[in-house]
Amino acid sequence: MTEYFEVHERDGAARLGEVRLAASLATPAVVDDVLADAGSAWVRERDPPAGDEAVLTVLPHRAFPAGTPGEVQDAFAVEYPDVEFPSAAVVTPETAADHGADAYVLSTAQGIVGHAETFVDAIVATREAIPADTALYLPGVATPANVATLAYAGVDLVDTDRTVVKGTQGKYLTTDGEYFLADLEELPCACPACQTPRESFDREDCAEHNRHALRAALGTVRERIRAGRLRDYIEGQARHEQWLTATFRRLDDQYAYLEQRTPVIRRAEITAATDDTLRRVEIQRYAERVTSRYRNRFSNPLVLVPCSARKPYSDSRSHGQFHDAIQYRAHLVSMTSPIGVVPQELELTYPAQHYDTVVTGRWTATEREFVSDVLAAYLRRNEYPRIIAHVPDEGYRGICERVADELALEMEFTVEGHPTATASLANLASTLSGELKYGKRERQHNTVRAVADYQFGEGAGDDLFADISVESHYPKLRVRNGEGEQLAMLVPEYGVLALTLAGARRWVESSVPTRRVEIDAFVPHGSVLAPGVVDASPAVRPGDEVVIAGPEAVAVGRARMSGPEMVESSRGVASSVRHVEERWPSVRLDCGPEPFEVVDVSREHRLVDGIRSRGDDDVTVVDRGAVVRQATGLPHDDSVGRMDWLRFQNGLYPLAFVGGVTRPGDAVVQLEQRHRRESLLDEVALQLAGLVDSPVVAVHQVDQEGRVE
Ligand SMILES: [Zn+2]
């Protein structure tokens with residue numbers, strides 16, 4: 001249980017958080033001024049400290065240097081007391097566990113910094129062992145150059161000790177490394193310490209500058225995390241020190257650690273400036289999903305084209321020209337570094353329209369290998385009657401030939417010089433002459449299904465969206481079922497589907513694994529906080545669609561944390577909530593064997609859009625929808641929900657006829673929880689008896705599925 005630390009934003013393993021002291025501290029941060037060390041238990045036994053809301057108290061501890069044998073650590077383990085104030089426990093990667101503290105101090109920090117492999121292993125082991133919503137503190141190691149990489153790995157707290165030591169040694173620190181003060185002709189900084197004239201700038205000033213430089217670097221790091229772009233920054237900045245470059249590459253090898261923490265969608269752009277970008281989670285995940293979840297549903301030939309700088313590709317001039325030549329006679333797949341291949345249906349899907357790359361027309365060997373591998377995997381999975389490569393010589397053609405060779409596929413090449421040259425476009429058009437066009441409906445349906453495959457898993461497109469109608473103009477697609485009920489809409493910014501409650505119900509009923517968040521007995525409004533989460537699917541990633549279910553409500557929303565983090569955390573928003581439906585306790589009125597009509601149920605009508613709730617008393621609105629018509633034959637307008645009220649002696653109660661009508665003559669009435677009283681049920685029966693043209697024979701309480709309790 002962490003009361004004094006909360007994570008607000010996540011960017012991979014990096015987090016923007018808050019140590020909730022008397023004066024709150026935004027992390028990643030320097031803790032110098034707010035740390036109180038209760039002392040080492042090596043020196044003498046110590047009583048639990050008194051603690052203080054203004055500081056983070058490091059509980060009495062026995063620190064072990066890196067490399068201390070496990071049995072020694074066990075023999076001298078400290079039992080951490082349960083305390084009521086902000087506290088930190090001292091751990092090693094071996095002793096790290098949930099000790100009930102708000103923060104964890106890694107005592108081996110100085111032994112691991114500078115060694116990429118040891119560092120990454122230690123951080124990953126520690127971070128995985130302590131609760132997600134606790135802060136990780138690495139004492140005595142931070143510098144302006146390494147702090148971005150520390151934060152990227154998952155470190156929240158640092159101190160200025162090392163910068164001060166370096167300063168007194170005459171080392172001047174910057175984000176690009178360290179300089180001997182004696183070698184500097186001018187001071188490349190504008191901090192207050194560096195206002196001192198160069199000739200009188202001494203080591204004390206240098207230490208002061210170093211502290212400023214660390215704090216400034218942390219400001220950059222926090223801003224980068226906030227923007228979701230710490231990785232872009234690291235790929236450039238970490239290059240100034242070998243071990244830092246090695247560290248983020250080693251972290252890429254810890255794919256599971258980073259993948260769990262990396263959002264599946266976000267607004268932030270990816271800057272692809274180096275080959276290292278290809279190893280980012282976002283890039284690897286897209287390639288993995290396109291080659292293992294996506295399936296082409298068009299029966300037309302394939303046309304491979306180069307990507308465009310403008311995103312989405314279909315908005316670009318070159319793709320407009322390809323489109324004019326192709327005229328819906330082929331399935332378009334774009335080849336690109338760093339994404340691999342992008343089928344036309346997934347051109348909006350993150351990060352396909354969220355990256356920016358260095359356009360030189362020349363690809364590195366690593367890029368060529370990556371795009372070849374993805375294209376080969378794609379073509380192994382998807383068969384086409386013909387494959388036309390409308391690609392330029394530079395890079396692209398070589399890749400296509402290599403893959404065609406490898407898979408023994410026939411490819412037709414249509415470019416002469418440049419892909420948008422008149423001759424090339426004419427070739428492309430004539431190559432496709434005689435091929436059939438696909439229609440708008442096929443295109444839209446296939447887009448919805450492709451996005452569903454990508455987002456929910458292999459086969460999801462067919463399983464969830466077999467019988468649909470799609471309305472409105474691309475990319476703002478609305479998906480409805482056969483009865484016209486909306487299931488989902490395509491979110492153009494991210495190229496993913498946002499489900500309605502009806503869509504969520506389909507997901508739950510399908511064979512596609514549902515990403516679920518189980519909550520306590522409450523009705524969430526706007527969001528679900530982590531303490532309300534009982535359990536969550538381990539597969540949930542930040543940004544995923546999730547079905548939220550508890551005893552009193554069913555909802556659909558978008559996860560803000562991974563599933564494991566929701567379960568471990570005791571603070572913070574676990575998921576946003578898009579639509580919510582109260583699960584009301586129900587009674588079934590047994591109205592005898594004859595079908596009946598409800599007459600004059602409504603004392604008051606209000607028009608509502610679907611399902612909605614308001615804060616004021618007794619105004620929870622349920623769209624009784626088509627079921628009313630089914631149960632009673634009342635006319636019903638599909639686009640508008642209607643709510644009915646019954647006025648009882650002791651108040652005004654919303655009344656809804658909903659599903660669970662078991663046979664003609666039965667109606668199921670759901671009441672708000674607080675009205676679920678025996679006397680009230682009888683009253684409802686009496687009232688209803690007056691409203692239906694059939695006697696109410698019996699009243700049963702029923703469960704969610706309409707079964708008699
Ligand atoms: Zn300075």
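Within segment 122-158, the set of residues being under 16 Å from Ala89 (Cα atoms) and touching a Gly at 6+ places or on another chain (Cβ under 8 Å) comprises Ile123, Arg127, Asp133, Ala135, Leu136, Asp156. For segment 20-44, residues that are assigned to a helix (DSSP H, G or I) and closer than 23 Å to Ser570 by Cβ total 1. Yes or no: Tyr80 at pLDDT below 95, of a type in the set (Phe, Trp, Tyr) and either surrounded by 24 or more Cβ atoms within 10 Å (Cβ to Cβ) or closer than 24 Å to Ala36 by Cα (or both)? So Tyr80 fits the description; yes. When you look at Ala498, is it buried (at least 23 other Cβ atoms within 10 Å of the Cβ), part of a strand (DSSP E or B) and in contact (Cβ under 8 Å) with a residue 24 or more places away in the chain, yes or no? Taking the combined requirement at face value, the residue does not satisfy it.
The set of residues from segment 124-143 being β-branched (Val, Ile, Thr) and touching a residue at least 60 places away in the same chain (Cβ under 8 Å) comprises Val124, Thr134, Thr143.
With respect to the conditions (1) within 13 Å of the ligand (Cβ to nearest atom); (2) touching a helix residue (DSSP H, G or I) at 6+ places or on another chain (Cβ under 7 Å), Ala238 lacks only one, and its number is (1).
Being buried (at least 17 other Cβ atoms within 10 Å of the Cβ) and either more than 23 Å from the chain's Cα centre (by Cα) or away from the ligand (no atom under 15 Å from the Cβ) (or both) is the requirement here; does Arg222 meet it? Considered against the rule, which asks whether it is buried (at least 17 other Cβ atoms within 10 Å of the Cβ) and either more than 23 Å from the chain's Cα centre (by Cα) or away from the ligand (no atom under 15 Å from the Cβ) (or both), Arg222 comes out as yes. Scanning segment 234-271 for residues that are over 20 Å from Ile123 (Cα atoms) and among the charged types (D, E, K, R) gives Arg239, Arg266, Arg267, Glu269. Filtering segment 384-410 to residues that are in contact (Cβ under 8 Å) with a residue 60 or more places away in the chain and closer than 22 Å to Arg329 by Cβ leaves Tyr384, Pro385, Arg386, Ile387, Ile388, Ala389, His390, Val391, Pro392, Tyr396, Cys400.
Of Ala273, Ala268, all but one fail to be in contact with a helix residue (DSSP H, G or I) (Cβ under 7 Å, 6 or more places away or on another chain) and among the aliphatic types (A, V, I, L, M); the exception is Ala273.
Table: residues versus (1) at pLDDT 95 or above; (2) part of a helix (DSSP H, G or I); (3) in contact with a Cys (Cβ under 9 Å, 6 or more places away or on another chain).
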position: Glu394; (1), (2), (3): no, yes, no
position: Cys400; (1), (2), (3): yes, yes, no
position: Val403; (1), (2), (3): yes, yes, no
position: Glu410; (1), (2), (3): yes, no, no
position: Glu416; (1), (2), (3): no, no, no
position: Ala423; (1), (2), (3): yes, yes, no
position: Ala426; (1), (2), (3): yes, yes, no
position: Ala429; (1), (2), (3): yes, yes, no
position: Leu436; (1), (2), (3): yes, no, no
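Mind checking which residues of segment 509-544 are assigned to a helix (DSSP H, G or I) and without any contact (Cβ under 8 Å) to a residue 40 or more places away in the chain? Listed by number, the list holds a single entry, Glu509. In segment 357-377, the residues that are under 17 Å from Arg397 (Cβ atoms) form Cβ pairs under 7 Å with partners that are in a loop (DSSP other than H, G, I, E, B), at six or more places apart or across chains, as follows: Trp363/Ser337; Glu367/Ser337; Phe370/Ser337; Val371/Ser337.
In the set Ala129, Ala145, Ala125, only one residue is within 16 Å of the ligand (Cβ to nearest atom), surrounded by fewer than 23 Cβ atoms within 10 Å (Cβ to Cβ), under 30 Å from the mean Cα position of the chain (by Cα) and assigned by TED's automatic domain parsing to the domain that holds Val58; that residue is Ala145. Pairs meeting the criteria (first residue in segment 10-27 and within 26 Å of Val264 (Cβ to Cβ) and not assigned by TED's automatic domain parsing to the domain that holds Ser575, second residue basic (Lys, Arg) and assigned to a strand (DSSP E or B), beta carbons under 9 Å, at least 6 apart or on different chains) are Leu16/Arg10; Thr27/Arg15.
Among the numbered conditions (1) within 12 Å of the ligand (Cβ to nearest atom); (2) part of a loop (DSSP other than H, G, I, E, B); (3) among the small types (Gly, Ala, Ser); (4) under 30 Å from Pro542 (Cβ atoms), the only one that Ala268 does not meet is (1).
Hey, can you tell me all the residues within segment 264-278 that are touching a residue at least 40 places away in the same chain (Cβ under 8 Å) and β-branched (Val, Ile, Thr)? The answer is Val264, Ile265, Ile270, Thr271, Thr277. Any idea which of Ala207, Ala217, Ala190 is within 13 Å of the ligand (Cβ to nearest atom), in a helix (DSSP H, G or I), among the hydrophobic types (A, V, I, L, M, F, W, C) and within 30 Å of Thr271 (Cβ to Cβ)? The match here is Ala217.
Here is a yes/no grid of residues against (1) over 22 Å from the mean Cα position of the chain (by Cα); (2) farther than 23 Å from Glu288 by Cβ:
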position: Gln455; (1), (2): no, no
position: Gly461; (1), (2): no, no
position: Ala466; (1), (2): yes, yes
position: Ser469; (1), (2): yes, yes
position: His473; (1), (2): yes, yes
position: Asn481; (1), (2): yes, yes
position: Thr500; (1), (2): no, yes
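Just one of (1) farther than 23 Å from Val496 by Cβ; (2) buried (at least 21 other Cβ atoms within 10 Å of the Cβ) fails for Ile283. It is (1). Considering Asp202, Asp183, Asp176, the condition of being outside the structural domain of Asp11 (by TED's automatic domain parsing), touching a His at 6+ places or on another chain (Cβ under 6 Å) and more than 12 Å from the ligand (Cβ to nearest atom) is satisfied by Asp176 alone. Applying the condition of being touching an Asp or Glu at 6+ places or on another chain (Cβ under 7 Å) and of a type in the set (A, V, I, L, M, F, W, C) to segment 225-253 and asking which residue is surrounded by the most Cβ atoms within 10 Å (Cβ to Cβ) yields Leu230. Within segment 485-525, the set of residues being among the small types (Gly, Ala, Ser) and at pLDDT 90 or above comprises Ala488, Gly495, Ala498, Ala502, Gly503, Ala504, Ser510, Ser511. Filtering Pro338, Pro385, Pro351 for residues that are closer than 16 Å to Ile270 by Cα and at pLDDT 95 or above leaves a single hit, Pro351. Within segment 506-546, restricting attention to residues that are of a type in the set (Ser, Thr, Tyr) and touching a Ser or Thr at 6+ places or on another chain (Cβ under 8 Å), the residue that is surrounded by the most Cβ atoms within 10 Å (Cβ to Cβ) is Ser537. Look at segment 332-358 and say how many of its residues are assigned to a strand (DSSP E or B) and out of contact with any Phe, Trp or Tyr (no Cβ under 9 Å at 6 or more places or on another chain). Total meeting the criteria: 3.
The values are calculated or read from the model by the stated rules, or taken from the named source; none is laboratory data. All of these numbers come straight from a predicted model, not from anything done at the bench. Virtual Cβ from ideal backbone geometry, glycine too; neighbours counted across all protein chains shown.
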